[in-house]
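Colleague: Attaching a single structure in structure tokens format; questions to follow.
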Amino acid sequence: MILDGKLVRDEILNDLKEKIKDNNYRIKLAIILVGDDEVSKIYIRNKENACKFVGIDVEKFVFSSDTKQSEIEKLIDKLNNDEFITGIILQSPVPNNIDFDKCCNLILPNKDVDGFTENNIYNLYLNRDTILPCTVKGIIYLLNYYKIPIDGSNVVIVGRGNIVGHPLSLALLNLNATVTVAHSKTKDLASITKNADILISATGTPHLIKDNMIKKGATVIDVGVSRVNGEIIGDVDFLNVKNEARYITPNPGGVGPMTVAMIIDNLVCMYERRINNG
Ligand code: NAP
């Protein structure tokens, strides 16, 4: 069975659109883009379109690649203090002259839409209430939507990156999965992936996961995005693996749309927290 990220995204966005309209929420997202990364521009367009659809305002701040770090820091400080800004995204990657971690960490935790600040990651580590990174939240939402049990399941995550693999391992551990994290130094990857009830690959290595690496009936989630000759290729050899898996995400059309939906979901949650706390 296909785990249809587009279908679930559309349901989420329709519900949130109604909620925003019915409650007259005034939500505003600030997006900061530094440099000319073409893929970032596509991601930002997707985020802007989703915001427009649900009725969230977007203010975009575009900087050339030779911008000084201090300028970005000044802007983040201004946005932090702007009561009309609900959330801030610093689009990654940034040029080498900008320290992404330092800038990102200046964003107030309660305006950190991506859930990347140290404060929010520490709360995730301690299994406290936090803002979850959007891809992590989207994967969990998709599993819950299709009623795929997480509690007690053997989950194997391939990839330990800071954006997906590592925070996902913490989030799923918090939900009582038994989590194994593999990476580029892992020996005999197939012997590990074959134990997975849920296999999640987030490496960016095209078609790393083949049918002989899957337990029959497993759930397979493909997060990886590689661009080969202008085409998006996932980590999972979909045509091959779909015969072994019980549930599988297409790529594109699986995790990507869920990530965008969770940006909107995080913004609405952050706005509601703010109005409830006065
Ligand atoms: P990252 O920081 O570059 O991490 C990649 C991880 O994959 C690393 O831990 C690396 O191992 C591991 N790896 C690379 N090649 C491997 C191999 N052949 N076998 C086993 N492990 C391997 O990446 P990220 O930011 O976490 O993102 C991961 C992927 O997800 C990327 O393709 C990214 O584009 C995609 N992504 C998709 C979405 C979405 O919404 N669909 C959102 C975010 C990211 P080492 O640690 O040993 O180097």
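Colleague: What are the residues in segment 220-278 that are of a type in the set (Lys, Arg) and over 18 Å from ILE88 (Cβ atoms), if any? Steps first, please.
Modeller: Start the filter on segment 220-278 by keeping residues that are of a type in the set (Lys, Arg), which leaves 227, 242, 246, 273-274.
Result: ARG227, LYS242, ARG246.
Colleague: A further question follows. How do the pairs read when you match residues in segment 104-116 that are part of a loop (DSSP other than H, G, I, E, B) with residues anywhere that are of a type in the set (Gly, Ala, Ser), using Cβ under 9 Å and keeping only pairs 6 or more apart or on different chains?
Modeller: From residues that are part of a loop (DSSP other than H, G, I, E, B), the pairs are ILE107/GLY87; VAL113/GLY87; ASP114/GLY87; ASP114/SER92; PHE116/SER92.
Colleague: Only one of ILE192, ILE221, ILE232, ILE200 is within 12 Å of the ligand (Cβ to nearest atom), free of Cβ contacts under 8 Å to residues at least 40 places away in the same chain and either open to solvent by less than 30 Å² (accessible area, probe 1.4 Å) or part of a helix (DSSP H, G or I) (or both). Can you tell me which? Spell out how you get there, then give the answer.
Modeller: Numbers: ILE221 fails: free of Cβ contacts under 8 Å to residues at least 40 places away in the same chain; ILE232 fails: either open to solvent by less than 30 Å² (accessible area, probe 1.4 Å) or part of a helix (DSSP H, G or I) (or both); ILE200 fails: free of Cβ contacts under 8 Å to residues at least 40 places away in the same chain.
That would be ILE192, the only listed residue that is within 12 Å of the ligand (Cβ to nearest atom), free of Cβ contacts under 8 Å to residues at least 40 places away in the same chain and either open to solvent by less than 30 Å² (accessible area, probe 1.4 Å) or part of a helix (DSSP H, G or I) (or both).
Colleague: Determine, yes or no, whether ALA196 is over 21 Å from the mean Cα position of the chain (by Cα), in the same structural domain as GLY152 (by TED's automatic domain parsing) and of a type in the set (Gly, Ala, Ser). Write out each step before concluding.
Modeller: Values: over 21 Å from the mean Cα position of the chain (by Cα): yes; in the same structural domain as GLY152 (by TED's automatic domain parsing): yes; of a type in the set (Gly, Ala, Ser): yes.
When the stated conditions are applied, ALA196 passes them.
Colleague: Please tell me if ILE31 is closer than 20 Å to GLY138 by Cβ, under 18 Å from the mean Cα position of the chain (by Cα) and not in a helix (DSSP H, G or I). Quick ask: steps written out before the conclusion?
Modeller: On the way: closer than 20 Å to GLY138 by Cβ: yes; under 18 Å from the mean Cα position of the chain (by Cα): yes; not in a helix (DSSP H, G or I): yes.
The answer is yes for ILE31.
Colleague: Moving to a separate point now. Look through segment 159-189, keep the residues that are more than 21 Å from VAL236 (Cβ to Cβ), not in a loop (DSSP other than H, G, I, E, B) and not hydrophobic (A, V, I, L, M, F, W, C), and return whichever of them is least open to solvent (accessible area, probe 1.4 Å).
Modeller: ASN174
Colleague: Restricting attention to segment 106-136, and to residues there that are polar (S, T, N, Q) and over 13 Å from ASN266 (Cα atoms), which single residue is least open to solvent (accessible area, probe 1.4 Å)? Explain how you work it out, then say what you get.
Modeller: So the first thing to find is which residues in segment 106-136 are polar (S, T, N, Q), and the list is 110, 117, 119-120, 123, 127, 130, 135.
Checking the rest, the ones that are also over 13 Å from ASN266 (Cα atoms) come to 117, 119, 123, 127.
Working: THR117: 2, ASN119: 78, ASN123: 27, ASN127: 95 Å².
Looking at residues that are polar (S, T, N, Q) and over 13 Å from ASN266 (Cα atoms), I get THR117.
Colleague: Looking only at residues in segment 117-136 that are β-branched (Val, Ile, Thr) and not in a helix (DSSP H, G or I), which one is farthest from MET262 (Cα to Cα)? Give the derivation first.
Modeller: Here is the first cut: in segment 117-136, the residues β-branched (Val, Ile, Thr) are 117, 121, 130-131, 135-136.
Still in the list and also not in a helix (DSSP H, G or I): 117, 130-131.
On the way: THR117: 17, THR130: 14, ILE131: 10 Å.
Result: THR117.
Colleague: Which of the residues spanning segment 28-79 are open to solvent by 90 Å² or more (accessible area, probe 1.4 Å) and in contact with a strand residue (DSSP E or B) (Cβ under 6 Å, 6 or more places away or on another chain)?
Modeller: ASP57, LYS60, VAL62
Colleague: Take the conditions more than 13 Å from the ligand (Cβ to nearest atom), assigned to a strand (DSSP E or B) and not acidic (Asp, Glu) and apply them to VAL156. Does it pass?
Modeller: no
Colleague: From the list ASP82, ASP101, which residue is surrounded by fewer than 17 Cβ atoms within 10 Å (Cβ to Cβ), acidic (Asp, Glu) and not in a loop (DSSP other than H, G, I, E, B)?
Modeller: On the way: ASP82 fails: not in a loop (DSSP other than H, G, I, E, B).
The conditions single out ASP101.
Colleague: Is it true that some residue in segment 107-117 is within 11 Å of the ligand (Cβ to nearest atom) and in the same structural domain as VAL62 (by TED's automatic domain parsing)?
Modeller: No, segment 107-117 contains no residue that is within 11 Å of the ligand (Cβ to nearest atom) and in the same structural domain as VAL62 (by TED's automatic domain parsing).
Colleague: Among (1) touching a Cys at 6+ places or on another chain (Cβ under 6 Å); (2) in a helix (DSSP H, G or I), where does VAL58 come up short?
Modeller: The failed condition is (2).
Colleague: Moving on to the next point. Pick from segment 138-153 the residues that are part of a helix (DSSP H, G or I) and open to solvent by less than 40 Å² (accessible area, probe 1.4 Å): which of them is nearest to GLN91 (Cα to Cα)? Break it down into steps so the answer makes sense when it comes.
Modeller: Let us first name the residues in segment 138-153 that are part of a helix (DSSP H, G or I), namely 138-145.
Those left that are additionally open to solvent by less than 40 Å² (accessible area, probe 1.4 Å): 138-140, 142-143.
On the way: GLY138: 18, ILE139: 20, ILE140: 23, LEU142: 24, LEU143: 27 Å.
Among those that are part of a helix (DSSP H, G or I) and open to solvent by less than 40 Å² (accessible area, probe 1.4 Å), it is GLY138.
Colleague: Is at least one residue of segment 257-274 within 20 Å of SER169 (Cβ to Cβ), touching a helix residue (DSSP H, G or I) at 6+ places or on another chain (Cβ under 9 Å) and open to solvent by 50 Å² or more (accessible area, probe 1.4 Å)?
Modeller: No, because not a single residue in segment 257-274 is within 20 Å of SER169 (Cβ to Cβ), touching a helix residue (DSSP H, G or I) at 6+ places or on another chain (Cβ under 9 Å) and open to solvent by 50 Å² or more (accessible area, probe 1.4 Å).
Colleague: In segment 238-259, is there at least one residue being assigned to a helix (DSSP H, G or I), free of Cβ contacts under 8 Å to residues at least 24 places away in the same chain and either away from the ligand (no atom under 14 Å from the Cβ) or within 30 Å of ALA182 (Cα to Cα) (or both)?
Modeller: Yes, the conditions are met somewhere in segment 238-259.
The values are calculated or read from the model by the stated rules, or taken from the named source; none is laboratory data. Note that the structure is a prediction, hence the values are computed from the model and not measured. FYI the Cβ positions are ideal-geometry reconstructions off the backbone, even for glycines, and counts take in every protein chain you see. All accessible areas refer to the heavy atoms of the entire protein, side chains included, with ligands and DNA or RNA removed. Shrake-Rupley method; radii C 1.70, N 1.55, O 1.52, S 1.80 Å.
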